[in-house]
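J.: Have a look at this one before I ask anything.
The values are calculated or read from the model by the stated rules, or taken from the named source; none is laboratory data. This one's a predicted model, so the numbers in the text were calculated from it and none came from an experiment. Cβ: placed from backbone, ideal geometry, glycine included. Neighbour counts: every protein chain shown. To get the accessible areas, we keep the full protein, side chains included, count just its heavy atoms, and leave off ligands, DNA and RNA. Shrake-Rupley method; radii C 1.70, N 1.55, O 1.52, S 1.80 Å.
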Amino acid sequence: PWPVQFIVTTHSSHVANRADFEAMRYFLTKPDGQSRGVRLTDIKDLRKGLGGTSKADKEFLHKYMTLTRCDLLFADKAVLIEGPTERLLLPRMIEKVDAAKSDGQRLSSQYVSVVEVGGAYAHLFFDLLKFLELRTLVVTDLDTVNKSNDGKSCRVSEGTNTSNRCIIEWFGDPIVTPSALVAKSADDKTNTIRRLAYQVPETPGAPCGRSFEDAFILANIDLFGLGEVPEADREAKAWSEA
C-alpha cells in the first residue's frame, strides 16, 4: 500500500493565503527502519521547514502550490521538469524503463508527481522538498551561454558558463563551465534524496545538446537524418533543427 500523508491547516482544507500555507502541519508516514511492516508518523511544521526561505520564494511556492501542483504534498516521489516537451515524453520514458522492472519497482505503480517548473525555478522547491522528505529527480537544461557575447544562448562547445539558476544553486558556482558540468559524476549530481539531471554527450567526446530538444536529436541521429553528417558538424545541425 502507498504511504498516506495528511495535511492540516489552521483554518480549512483550502490553503487560502500564505499564512495558512505556512501554518500547515504535515503528517509524514515512513518505515521505522527496525521493524518490518511497521510505519511511524512524523508531525512536521511547515513554518519551521521553510524557516530559511525568503519571503519572495514563499510567496512563489504558495501561489504555485495553490494553483497547480498541491499533489506534491501527497506523492511518493517527484520529478521536476522544464516544460511541455519533457511532460509529453516522460510517460513514454517511464513505460520503457518499467518494462525491465519487477512489479514492486515500477514507477507506474507508485504515486509520482511530475511538476513542470522550468529551469529557472526548480531550486525554489529545494527547501520544500527537503521538508517533505520527498525523493526527487530534477530534470533541467544545460542552458549554456557565452559571457563574451552578452551572455546570449549558444552551443555547448561555445559556452563559457550556464544561465540555469538551478544548476548554479546546486553546485554553488555562478561561473561553472560546460566542460566541468559534463564531467560531473553521479555523486556530484546527488544530494541526499535529490538527483539532478541535465544534458551530457551520448558517448565521451561526442557533441552535447544544450536543451532537451537538441539532445534528443543527437540521441536519435538516424531518425533526424544526421547519420551521414560528420560528427564535428552534428552539434550545429542539431542546434539548428531544435
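J.: Go through (1) farther than 22 Å from Leu88 by Cβ; (2) not in a loop (DSSP other than H, G, I, E, B) for Trp239 and report which single condition fails.
T.: For Trp239, the failing item is (1).
J.: Picking from Thr29, Thr53, which residue would you name as being open to solvent by less than 70 Å² (accessible area, probe 1.4 Å) and either modelled with pLDDT of 85 or more or closer than 26 Å to Glu169 by Cα (or both)?
T.: One residue alone meets the criteria, Thr53.
J.: Just give me the residues in region 175-203 being open to solvent by 40 Å² or more (accessible area, probe 1.4 Å), in a loop (DSSP other than H, G, I, E, B) and farther than 15 Å from Arg155 by Cα, in sequence order.
T.: Residues satisfying the conditions are Ile175, Ala183, Lys184, Ser185, Ala186, Asp187, Asp188, Thr192, Ile193, Glu202, Thr203.
J.: Of the conditions (1) open to solvent by 40 Å² or more (accessible area, probe 1.4 Å); (2) at pLDDT below 95, Val229 satisfies every one except a single condition; which number is it?
T.: (1)
J.: Now for a separate question. So which of Asp103, Asp187, Asp150 is among the acidic types (Asp, Glu) and in contact with a helix residue (DSSP H, G or I) (Cβ under 9 Å, 6 or more places away or on another chain)?
T.: Sole residue among the options that is among the acidic types (Asp, Glu) and in contact with a helix residue (DSSP H, G or I) (Cβ under 9 Å, 6 or more places away or on another chain): Asp103.
J.: How about region 108-166: which strands (runs of 3 or more DSSP E) wholly inside it have at least 2 residues that are out of contact with any Leu (no Cβ under 7 Å at 6 or more places or on another chain) and crowded, with 18+ Cβ neighbours inside 10 Å?
T.: 144-146
J.: Residues being without any contact (Cβ under 8 Å) to a residue 40 or more places away in the chain and aromatic (Phe, Trp, Tyr): count how many of those fall in region 134-173.
T.: So the answer is 1.
J.: Pull up region 90-107, narrow it to residues that are in contact (Cβ under 8 Å) with a residue 12 or more places away in the chain and within 28 Å of Glu169 (Cβ to Cβ), then point me to the one that is most open to solvent (accessible area, probe 1.4 Å).
T.: Looking at residues that are in contact (Cβ under 8 Å) with a residue 12 or more places away in the chain and within 28 Å of Glu169 (Cβ to Cβ), I get Leu107.
J.: Consider Arg92 carefully, then state whether it is modelled with pLDDT under 90, more than 19 Å from Lys44 (Cα to Cα) and assigned to a helix (DSSP H, G or I).
T.: Taking the combined requirement at face value, the residue does not satisfy it.
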